[in-house]
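Worksheet: one structure, shown below.
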Amino acid sequence: MDVAGHLDIRLSSKGRVPRSLAYRLLHAYVRWLYTACYCRTFEVYGQEHVPTDGPVVFVTNHQNNLADGLSVLFASERMPVFAARADFFRAPQAAQGFAVLRVLPMYRADHGRRAIADRLPETMDRLQRHLTAGGAFALMAEGSSAPSRTLRRLKKGWARLVLDTLPEAPDLVVIPAALEYSGWDAWGPDVRVVFGEPLVFSPADEDVPRRLNAMNDRLYDALNALIADDDAVAAWHQQITAQRRGRDRLWRILGLPALVVALVLLFPVLLFTRHRVRTHPRADFRSTLELAYVGLGTPVWLLLVGLVAGALAGWALFAVGALALPFVLWAAARCWIAWTAA
């Protein structure tokens, strides 16, 4: 299924993608789950470098799979669209889900020559029109995730897109964004997003391959300068731990009743998640699995439990529980992080 045709890229005067009610509700829920329940801290620096309107391409490093997309999505108000490996779109249900999430399929050499010739131009054309209308696009130019703070060679697809878009959108800027995590395999990391200064490029001359290489080198240097090494991230993490010591002591005590309630209510979801995470070999996929299984499993499971409880004990109890549960789950998450993040 070609999800590209399902992405509505009609934009407002400020380049915003129209958002359905389903998307707004999902965005609010995932933002709460990620920034309030999953991250111990979520810090953003360099927001003054992000233009409030006009075409912009965010290019980031790729350390932590799904968390990278969520980090850049919630770090600014630009609401960028994304691209992901085309093989993730093979199932029709997955393609429809990605369409709702404003994610386009990106075809690469390992997807075959026919995909590059027939499918990739449609994706690139839609992205160009989206940027020309003043939209925002984000991609992880390393191409695949790896739990490492060493920046790998960048793919040049972003540069090709920028060169092709500049004639119609001369105000297009490229913003390097460094995504940092205190860890990749446990709930409750400290997360930091650092936006660099915008990079401005001019339309290509006749030597396009040389120009693409020069653009890629310039972006690599700008992005690499933003990325902290292991020692710097460890020092940042320890500083936050020291600053939060008193607050976390309170959370360990005050949040304990909520944690007990959450562990009892969500036991099937948490047990299944723990099994899938422990058996996965890649550290940078563990946070993705935790976020996916807990994020999707929790509302589904609690809805089933609530419907049974409402039918047995009354719908007034169901309504009270529905209002109280977000606060209980938030307190439980903060308590768990206070006990485990150090």
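Descriptive notes on the structure:
- Failed criterion for ALA283 (all others in (1) surrounded by 11 or more Cβ atoms within 10 Å (Cβ to Cβ); (2) closer than 28 Å to ASP68 by Cβ; (3) free of Cβ contacts under 8 Å to residues at least 24 places away in the same chain hold): (3)
- Filtering the stretch 134-162 to residues that are of a type in the set (A, V, I, L, M, F, W, C) and surrounded by fewer than 19 Cβ atoms within 10 Å (Cβ to Cβ) leaves only ALA146.
- Any hit, the stretch 296-306, residues being under 30 Å from ARG245 (Cβ atoms) and in a helix (DSSP H, G or I): yes
- Some residue of the stretch 209-228 being in contact (Cβ under 8 Å) with a residue 24 or more places away in the chain, part of a loop (DSSP other than H, G, I, E, B) and not aliphatic (A, V, I, L, M): no
- The strands (runs of 3 or more DSSP E) found entirely in the stretch 15-94 that carry 1 or more residues being within 24 Å of ASP164 (Cα to Cα) are 56-60, 81-85.
- Beta carbons closer than 9 Å, at least 6 apart along the sequence or on distinct chains, pair a first residue in the stretch 59-81 that is under 22 Å from ARG218 (Cβ atoms) with a second that is aromatic (Phe, Trp, Tyr) and in a helix (DSSP H, G or I) for VAL59/TRP158.
- Spans of helices (runs of 4 or more DSSP H) in the stretch 229-284 with at least 1 residues under 26 Å from SER148 (Cβ atoms) and in contact with a helix residue (DSSP H, G or I) (Cβ under 7 Å, 6 or more places away or on another chain): 267-278
- Top-ranked residue of the stretch 1-56 - restricted to ones that are polar (S, T, N, Q) and either open to solvent by less than 60 Å² (accessible area, probe 1.4 Å) or at pLDDT below 80 (or both), ranked as nearest to the chain's Cα centre (by Cα): THR35
- Take the conditions (1) at pLDDT below 90; (2) of a type in the set (Phe, Trp, Tyr); (3) under 24 Å from the mean Cα position of the chain (by Cα); PHE327 misses just one of them, which is (1).
- Which listed residue, of LEU250, LEU323, LEU312, LEU271, is surrounded by 11 or more Cβ atoms within 10 Å (Cβ to Cβ), among the aliphatic types (A, V, I, L, M) and on the phi < 0 side of the Ramachandran plot: LEU250
- Residue check, VAL162 over 21 Å from the mean Cα position of the chain (by Cα) and of a type in the set (A, V, I, L, M, F, W, C): yes
- Taking the listed residues LEU219, LEU223, LEU212, the one that is of a type in the set (A, V, I, L, M, F, W, C) and modelled with pLDDT under 95 is LEU212, with no other qualifying.
- Residue that is surrounded by the fewest Cβ atoms within 10 Å (Cβ to Cβ) [pool: residues in the stretch 326-342 that are touching a Lys or Arg at 6+ places or on another chain (Cβ under 9 Å) and among the small types (Gly, Ala, Ser)]: ALA341
- Of the residues making up the stretch 164-184, just one is open to solvent by 10 Å² or more (accessible area, probe 1.4 Å) and among the aliphatic types (A, V, I, L, M), namely VAL173.
The values are calculated or read from the model by the stated rules, or taken from the named source; none is laboratory data. Predicted model, so just to flag it, every value in this text is computed and none were measured. Every residue, glycine as well, gets a Cβ built from its backbone with ideal geometry; the counts of neighbours run over all protein chains shown. Heads up: the accessible areas ignore ligands, DNA and RNA and are worked out on the full protein's heavy atoms, side chains in. Shrake-Rupley method; radii C 1.70, N 1.55, O 1.52, S 1.80 Å.
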